[in-house]
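Beneath this line is the structure, given in structure tokens, with notes to follow.
The values are calculated or read from the model by the stated rules, or taken from the named source; none is laboratory data. Since the model is a prediction, treat every value here as computed from it, not as a measurement. Cβ sites come from the backbone with ideal geometry, for glycine too, and all protein chains shown count toward neighbours. Please note that ligands, DNA and RNA were not included when accessible areas were found on the heavy atoms of the full protein model with its side chains. Shrake-Rupley method; radii C 1.70, N 1.55, O 1.52, S 1.80 Å.
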Amino acid sequence: MHTFWQRVNAIFFYALSVLGFLALLCAGTTYFHTAHPNIELGLDRASLRKILGAGHEQATLRLSIDADLSTVFNWNVKQLFVFITAEYVTKQNKLNQVVVWDYIINGKENARIHSSSIVNKYSLTDQGYGLRGNDVTLVLHWNTIPITGLLTTTSYRQSVHTFTLDDQYS
């Protein structure tokens, strides 16, 4: 005969298994959701300076962002972590990616980002001297933080902004 605790254990883990299966089933319904965001990135100004004694360059960017990410939201999206990377190529590395700005969106009603003058939150720094005269591409990415399911990262490469940094330090 089974004891009381064996029966409680069996009921608890059966309920836990059913709950896990239902969560997996619910999360699976959102993987077929396709988002069609409207995103425009721009650069208003870029200034480059050499950090003496440290052996690297640093760029300050003034960005313009117009993004409507409301189509990314569905019933399973808790929040979005949105960030912009500056990507460039140097002799030492095929691809350099530096996060220059980020933002957290907590709901569909806040999914519109519109600003014409944002200074980069994090400096665009190259450990060496690979920024001067180099082509840089700004790309918007976002992490989808779900209620249940996997955390996913999306890079929106349909709307990027490419520019060339100055050959002279400012």
**Message:** In whole Hz and in residue order, list the ³J(HN,Hα) couplings for the stretch 17-26 that follow from phi through the Karplus curve 6.51 cos²θ - 1.76 cosθ + 1.60, θ = phi - 60°; x for Gly and Pro.
**Reply:** 5, 5, 4, x, 5, 5, 5, 5, 5, 5
**Request:** Could you point to the label whose value was computed as P(r) over Cα pairs in 10 Å bins from 0, in percent for the structure here, given [x] 9, 29, 18, 21, 19, 5, 0; [y] 9, 30, 23, 16, 10, 6, 4, 1, 0; [z] 10, 31, 26, 21, 11, 1?
**Result:** [y]
**Request:** Normalising by the residue count of the stretch 25-170, find the relative contact order in percent from Cα pairs under 8 Å and 6+ residues apart.
**Result:** 29 percent
**Item:** Å² of accessible area per residue within the chain, as computed with a 1.4 Å probe and no ligands counted
**Value:** 63 Å²
**Message:** For the full complex of protein chains and a 1.4 angstrom probe, list H161, H33, H2 by accessible area with the highest value first.
**Reply:** H2, H33, H161
**Prompt:** Residue-wise, which Karplus ³J(HN,Hα) couplings in Hz belong to the stretch 98-114, taking 6.51 cos²θ - 1.76 cosθ + 1.60, θ = phi - 60°, and x for glycine or proline?
**Reply:** 10, 6, 10, 7, 8, 7, 10, 10, 9, x, 4, 5, 9, 7, 9, 10, 9
**Message:** Quick check for the chain: number of Lys pairs with alpha-carbon distance under 27 Å, counting only pairs 8 or more apart or on different chains?
**Reply:** 8
**Request:** Could you tell me which chymotrypsin sites (Phe, Trp or Tyr not before Pro) in the stretch 129-170 are loop residues by DSSP with no more than 16 other beta carbons within 10 angstrom of their beta carbon?
**Result:** Y129, Y169
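If you roll a 1.4 Å probe over the stretch 40-170 with all protein chains in place, what percent of the accessible area is carbon or sulfur? Could you put the intermediate results ahead of the total?
Working: 3410 of 7160 Å².
C and S fraction of accessible area: 48 percent.
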**Request:** Return the loop-located chymotrypsin sites (Phe, Trp or Tyr not before Pro) in the stretch 1-95 (DSSP other than H, G, I, E, B) with at most 12 other Cβ atoms within 10 Å of their own Cβ; answer none if there are none.
**Result:** Y31, F32, W75
**Asked** Taking only C-alpha pairs under 8 Å that are 6+ residues apart, what is the relative contact order of the stretch 1-97 in percent?
**Response** 21 percent
**Distant-in-sequence amide H partners of D166 (H built 1.01 Å from N, under 5 Å)** = G133
**Item:** Residue-wise HN-Hα coupling along the stretch 63-70, computed from phi with Karplus coefficients 6.51, -1.76, 1.60 (Hz; x: Gly, Pro)
**Value:** 9, 10, 10, 9, 9, 10, 9, 5
**Fill in**
With -39,500 (n - 2.57) per DSSP H segment of 4 or more residues and division by the full residue count of the chain, the 222 nm estimate, nearest 500 deg cm²/dmol, is -5000 deg cm²/dmol
**Asked** Which order do D126, D135, D68 take by accessible area at a 1.4 Å probe, largest first?
**Response** D135, D68, D126
**Prompt:** How big is the accessible area of R7 in square angstrom, nearest 10, if you roll a 1.4 angstrom probe over the protein chains?
**Reply:** 120 Å²
